[in-house]
1. Excluding same-chain pairs closer than 8 in sequence, count the lysine pairs in the chain whose Cα atoms lie under 22 Å apart.
2. For a quick protection proxy, order the peptides 273-284, 186-197 by their average other-Cβ count within 10 Å, most packed first.
3. With a 1.4 Å probe and all protein chains in place, put L173, L143 in order of accessible area, largest first.
4. Per q in 0.06, 0.10, 0.12 Å⁻¹, report the Debye log10 I(q)/I(0) for the chain, using one uniform scatterer on each alpha carbon and no solvent.
5. Alpha carbon centre of the range 278-316 versus the range 22-49: separation in Å?
6. Please state the charge dipole magnitude for the range 133-243, taken about the Cα centre, from unit charges on C-beta atoms (+1 on K and R, -1 on D and E), reported in debye and rounded to the nearest 20.
7. Rg over Rh of the range 62-205, using C-alpha atoms and the Kirkwood radius, what does it come to?
8. If I histogram all Cα-Cα distances within the range 171-242 using bins 10 Å wide from 0, what percent of pairs lands in each bin?
Amino acid sequence: MKRSLALGLVLLAAASAQADVILHAFNWRYSDVTARADAIRDAGYRMVLVAPAHKSAGTEWWSRYQPQDYRTIQHTLGDRASFVAMVNALTQRNIRVYADVVLNHMANEAWKRPDLNYPGTEVLVTYAADSTYWNAQRLFGNLTQNFLGAGDFGSANCIGNYNDVWQVQNWRLCGGAGDAGLPDLVANSWVISQQQQYLQALKNLGVKGFRIDAAKHMPNGHMNAVLTSRLKSGMHVFGEIITSGGVGNSEYDLFLGPYLAGTDHGAYDFPLFAQIRSAFSFNGSMSQLVDPGAYGQALPSARAITFTVTHDIPNNSGFRWQIMDPTDETLAYAYVLGRNGGVPMVYTDNNESGDNRWVNAWNRPDLRAMIGFHNAVQGTDMQVLAHGQCHLVFRRGNLGIVGINKCGNAVNVNVNMNSSVLWWNVNYTDRLGSGSVVRITSSNHTFTLPARGARMWLR
């Protein structure tokens, strides 16, 4: 018994050391992240994805994704000083900071700079008027002059056909009705050098990961030229390439598949998300989630960022159809945080979408409990014990068991335990607070799953 207890403690310690859940603190002020550093650590997160660190204007959330200047950090969510304070606070608590970076385009401000000089005369005048302040916000470069000009951008055409890879990766994202669109950067040597200096400056400040926004719109050659092996050393890099499925889906085959083949970066696991949504649909089956990667409907574990919602889904009208039912989203979190594979990301916001649904989601008791389960079993294998249209039951090593039931009636599942490594005659207690205990005493055990509910039993 003492030996078993010691082994269990060693396994738990090893798993916790690999804890890897990302908190997407969407549109949070850097000072708010700093103020919540202890709570973020205590909730079990080990990485935080924060708002883009560059100069941008405007108060809308999407303004953060329209850079005016890479060389300084300053916008409504903070400046260089508050960014550095945040990185230091999180680093002291063994939490890694991931920066959201925009390399595809610059701000859509044609009325200010038809000449495509960035940051432009207006900003340069601001820099000169208070050089002491702005030099304190500087990451690199000479703030007395522009750092980009007309020769650093592609043609001013708007993407008209999103199935045309050339258009998607070389033309502008436009809003319609005469919108000039987001000026699309080309991969010339100057642009690449500026982007490398920018990322290196963030890395020097202590950033440990880069999320590449709009990666779907960048040729692999551009990303690979910027993100050298030296720059990526010790960093976690992943891109945003939105698809509505995995292998066989046109968006996957045109964009995500080639991205995975042409880079060594990670990516949002939109194929798995499509499988999750399908499995939880009225006619779907939880059996779809047994091993979706086996038939190309989930990314390789080492490259996957898994999720149940991203910031684009509630905040962009074109993606809102992907919002899951609130209960289904919670059950999907039990799957994402319970399964083996990928790096899970939890989304939270300040109600930018108006849904009032993800505010303080990061600190919800059920999600904290799921993260605790995830961290405790991290590094152990996964075996599906039972599955059907309504339910999925799987184990994580001999430490934990996950049971999910999407249907409106309770499900009893009888499982032969002879081939399982789960321990007999010990208690596995539900981390989600139901009080449910699994104690295996014979070669057959019946797991009871409540209607529209999940259990995450931990030894």
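1. Lysine pair count for the chain: 6.
2. 273-284, 186-197
3. The ranking, largest first, comes out as L173, L143.
4. Values, matching the q order: -0.28, -0.75, -1.04.
5. Computed from Cα coordinates, the inter-centre distance equals 25 Å.
6. With only Lys, Arg, Asp and Glu charged at Cβ, the dipole is about 520 debye.
7. Ratio of gyration radius to Kirkwood radius for the range 62-205: 0.99.
8. Pair shares across the bins are 18, 47, 27, 8, 1.
The values are calculated or read from the model by the stated rules, or taken from the named source; none is laboratory data. Quick caveat: nothing in here was measured; it's all calculated off a predicted structure. Neighbour counts are summed over all protein chains in view; Cβ atoms, including those assigned to glycine, are modelled from backbone coordinates with ideal geometry. Note: accessible area is taken over every heavy atom of the protein model, side chains too, but ligands, DNA and RNA are not part of it. Shrake-Rupley method; radii C 1.70, N 1.55, O 1.52, S 1.80 Å.
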